[in-house]
Amino acid sequence: MRMYIGSAGIILCLVIGLIAYPNFTKQQTAYDAEQVGLNEIVTIRFSHVVAENTPKGRTALYFKKQVESKSNGKIRVELYPNGMLYNDETEMDALKTNQIQMIAPTYSKISTVVPSWEVLDLPFLFKDEQQVQSILNSAIGKELLSKTKEEGLHGLGFWQNGFKQMISNERSIRHVSDFKGRSMRTMNSNILLQQGMLLGARTNAISFDEVNKKIDEEKIDVQENTLSNIFSKSFYKKEPYITLSNHGILGYGVLMNESFWESLSETNQQVITNAMNEASQWNEKNAQAMNEADLKAMKQYGTTIVTLSEKEKEEWKRTFIPLYDTFKKQHQTDLLQQIQRITK
């Protein structure tokens, strides 16, 4: 009798187990499915066109470190500097098609797809770095970043390189007449091409990675660039005359593919946003110091360096007045007026 009861009990347990097993399996399967995305590594391929020992290059390294630390390694940033994957003419298309997920192009490059960004290329718009930061950290900066969404791009923030200077292969440039007939490299920007023409130069839109080659081929006499770019690319060894003009700002809009951004969890978006804020703050503190260190190194090398006087700057500014008139005709002037009210 006891054997019968024991056997019946075992059979009953087996039957209950068989009935419960499908539900238990479903619960376990559902739970595991919810965890799949939590353990996956998110990879961000970040391409840029300058050397790692520049303000943008070093800020990108800092951003990578912050993202990977804040995500406990669940977000990985792969950096491709110096145009390893794409140059400044092809990186925008690569971003739009999600072949890469992040780039940090110059304002000029962004203006080719978001025309309102041209305002940041206007010469002598800013007096100093502090003015630049106050503008970009305001509602004006937020408005510019928001406009990139219309092109399938997510604006993450701004990084600075510094003010642009003029460099020449033959003699120091001080007066507008010094540009006449010279072959001048510019970025492919309407504002910058017009700027060169107003100076009387023959303008050539040449991608950054080809500049050294074009100098060697004697196709460039003059160009504008920041001190850190002039130093890191050794332009000063071939064009040894630097004019400290501070006539324009060279900065970057940090962009991510919008679809990729939307695919991220809110947690990962917040990690990236926080890392970007910290990287931008680091950039603000360090970009100017890098340019000053590179200027010192070029002086020690023996580069000829001159500084525009206020009188000479006024001559340049008068020459550039038509640029402002053209901008006002082609664009809504709200952004320009807002900036000028702050920078007076």
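Tell me yes or no: at least one residue of segment 170-180 is under 24 Å from F208 (Cβ atoms), in a strand (DSSP E or B) and out of contact with any Phe, Trp or Tyr (no Cβ under 8 Å at 6 or more places or on another chain). No, segment 170-180 contains no residue that is under 24 Å from F208 (Cβ atoms), in a strand (DSSP E or B) and out of contact with any Phe, Trp or Tyr (no Cβ under 8 Å at 6 or more places or on another chain). Counting the residues of segment 45-76 that are over 15 Å from the mean Cα position of the chain (by Cα) and of a type in the set (V, I, T) gives 2.
Among the residues of segment 302-329, write down those that are farther than 15 Å from L199 by Cα and either surrounded by 11 or more Cβ atoms within 10 Å (Cβ to Cβ) or of a type in the set (A, V, I, L, M) (or both). T303, T304, I305, V306, T307, L308, T326, F327, K328 - these are the residues of segment 302-329 that are farther than 15 Å from L199 by Cα and either surrounded by 11 or more Cβ atoms within 10 Å (Cβ to Cβ) or of a type in the set (A, V, I, L, M) (or both).
Residues that are touching a residue at least 60 places away in the same chain (Cβ under 8 Å), on the phi < 0 side of the Ramachandran plot and among the aliphatic types (A, V, I, L, M) are absent from segment 201-224 altogether. Restricting to segment 112-158, and then to whatever is closer than 22 Å to D325 by Cα and polar (S, T, N, Q), can you tell me which residue is farthest from the chain's Cα centre (by Cα)? Checking each candidate, the answer is S116. The C-beta contact set for segment 114-142 (first residue under 16 Å from G162 (Cα atoms), second residue of a type in the set (V, I, T) and surrounded by fewer than 17 Cβ atoms within 10 Å (Cβ to Cβ), distance under 7 angstrom, 6+ apart or interchain) comprises L125/T343; F126/T343; K127/T343; Q131/T343; S134/I342; I135/I342. Any chance you could count how many residues in segment 66-80 are of a type in the set (S, T, Y) and touching a strand residue (DSSP E or B) at 6+ places or on another chain (Cβ under 7 Å)? Going through segment 66-80 one residue at a time, the tally reaches 1. So which of A275, A279, A289 ends up being of a type outside the set (V, I, T) and farther than 30 Å from D93 by Cα? The conditions single out A289. Taking the listed residues S172, S177, the one that is surrounded by fewer than 17 Cβ atoms within 10 Å (Cβ to Cβ), free of Cβ contacts under 8 Å to residues at least 24 places away in the same chain and among the polar types (S, T, N, Q) is S177, with no other qualifying. Only helices (runs of 4 or more DSSP H) whose full extent lies in segment 1-100 are considered here, and the ones with at least 1 residues that are hydrophobic (A, V, I, L, M, F, W, C) and at pLDDT below 95 are 2-35.
Evaluate the following for A51: is it out of contact with any strand residue (DSSP E or B) (no Cβ under 6 Å at 6 or more places or on another chain) and not acidic (D, E)? Spelling it out, A51 is indeed out of contact with any strand residue (DSSP E or B) (no Cβ under 6 Å at 6 or more places or on another chain) and not acidic (D, E).
Out of all the residues in segment 101-150, which are among the hydroxyl-bearing types (S, T, Y) and part of a helix (DSSP H, G or I)? Correct list: Y107, S108, S111, S116, S134, S146, T148. When the criteria are applied in full, A287 meets the requirement of being under 30 Å from G302 (Cβ atoms) and either of a type in the set (S, T, N, Q) or buried (at least 22 other Cβ atoms within 10 Å of the Cβ) (or both).
The values are calculated or read from the model by the stated rules, or taken from the named source; none is laboratory data. Everything numeric in this text was worked out from a predicted model, so none of it was measured. A quick note on method: Cβ atoms are made from the backbone with ideal geometry, for glycine too, and the neighbour counts reach across all protein chains shown.
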